[in-house]
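The values are calculated or read from the model by the stated rules, or taken from the named source; none is laboratory data. Owing to the predicted nature of the structure, the values given are computational and were not obtained by experimental measurement. Cβ: placed from backbone, ideal geometry, glycine included. Neighbour counts: every protein chain shown.
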Amino acid sequence: MRRDKRDFGRKDRIMPDQETELTLSEEAEAAAAAQSEDAAATAPVQDRQEGEEQPVSRAEFDQLKAERGQLLDRLARLQAEFENARKRTERDRAANRDYAVANVVEKFLPVLDHFELALKAAGSVEQLRSGVELILKQLEDVLRQLHVTAIPALGEEFDPRVHEALGSVERADLPDQHVAEEIRRGYRLRERMLRPALVRVASNPKQISE
């Protein structure tokens with residue numbers, strides 16, 4: 001019996017410690033639950049604050065409106081300046097073109113006058129021919145002043161870059177593939193070809209057989 005009482009006494013001493021441990025565990029769980037509830041309650045509020053747009057004050061609105069008006073006004077001015085520059089460029093281009101045409105036409109007016117005088121003149125065929133030859137020479141001088149020159153053709157070796165072959169003729173007195181006849185004269189402006197010379201090309205049977 002004495003032994004049993006000691007055991008009961010030992011058990012009585014152990015029980016308060018277990019109750020203390022259970023109490024601390026329960027308090028920790030309660031604190032964690034309370035903290036999670038606070039976080040859950042605070043999160044929607046923070047989300048709403050981050051998602052909501054902050055209201056703009058009247059002063060900021062007026063400032064943004066004024067800046068917008070200034071930008072629109074500047075854009076309109078730039079568009080007007082661009083349109084004026086485009087029209088001015090077109091006018092200058094047209095004026096330069098007219099000036100260039102006027103210079104060329106002015107050089108040809110004396111030639112036109114001589115043609116009219118030739119038509120009014122009375123004379124023999126030889127006199128008329130001589131007058132036309134003088135006008136032709138004058139016309140060639142005008143073209144030379146404009147840097148327009150004739151492309152050499154007759155007796156030259158056929159060059160497809162500046163000659164256009166209308167056909168071929170048998171000629172024993174000319175080298176093969178040389179220009180035998182010039183049907184229409186070709187011209188170039190400086191190094192630029194205006195039109196090719198229209199020619200007939202010589203075909204020498206002796207040179208072909210050799």
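(1) outside the structural domain of Val105 (by TED's automatic domain parsing); (2) modelled with pLDDT under 95; (3) exposed (fewer than 14 other Cβ atoms within 10 Å of the Cβ): which one isn't true of Gln177, the others all being true?
(3)
Can you pull out every residue in region 186-210 that is charged (D, E, K, R) and in a helix (DSSP H, G or I)?
Here is the first cut: in region 186-210, the ones charged (D, E, K, R) are 188, 190-192, 195, 200, 206, 210.
Selection gives Lys206 alone.
Among the residues of region 152-185, write down those that are under 30 Å from Glu116 (Cβ atoms) and assigned to a loop (DSSP other than H, G, I, E, B). Walk me through how you get there before you give the answer.
The first filter runs over region 152-185 and keeps only residues under 30 Å from Glu116 (Cβ atoms), leaving 182-185.
Passing the criteria: only Arg185.
It is to be established whether one or more residues within region 184-192 are farther than 21 Å from Lys137 by Cβ and surrounded by 12 or more Cβ atoms within 10 Å (Cβ to Cβ).
No - not one qualifying residue is present in region 184-192.
Can you tell me which of (1) in a helix (DSSP H, G or I); (2) without any contact (Cβ under 8 Å) to a residue 24 or more places away in the chain; (3) surrounded by 12 or more Cβ atoms within 10 Å (Cβ to Cβ); (4) of a type outside the set (Lys, Arg) is the one Glu133 doesn't meet?
Against the list (1) in a helix (DSSP H, G or I); (2) without any contact (Cβ under 8 Å) to a residue 24 or more places away in the chain; (3) surrounded by 12 or more Cβ atoms within 10 Å (Cβ to Cβ); (4) of a type outside the set (Lys, Arg), Glu133 comes up short only on (3).
Identify, from the list Phe82, Phe108, Phe61, the residue that is modelled with pLDDT under 90 and of a type in the set (Phe, Trp, Tyr). Lay out the reasoning, then the answer.
Values: Phe82 fails: modelled with pLDDT under 90; Phe108 fails: modelled with pLDDT under 90.
Criteria check complete, one pass: Phe61.
Just checking, which of Glu170, Glu106 is surrounded by 11 or more Cβ atoms within 10 Å (Cβ to Cβ) and among the acidic types (Asp, Glu)? Before the answer, list the steps.
Numbers: Glu106 fails: surrounded by 11 or more Cβ atoms within 10 Å (Cβ to Cβ).
Just one listed residue meets the conditions, Glu170.
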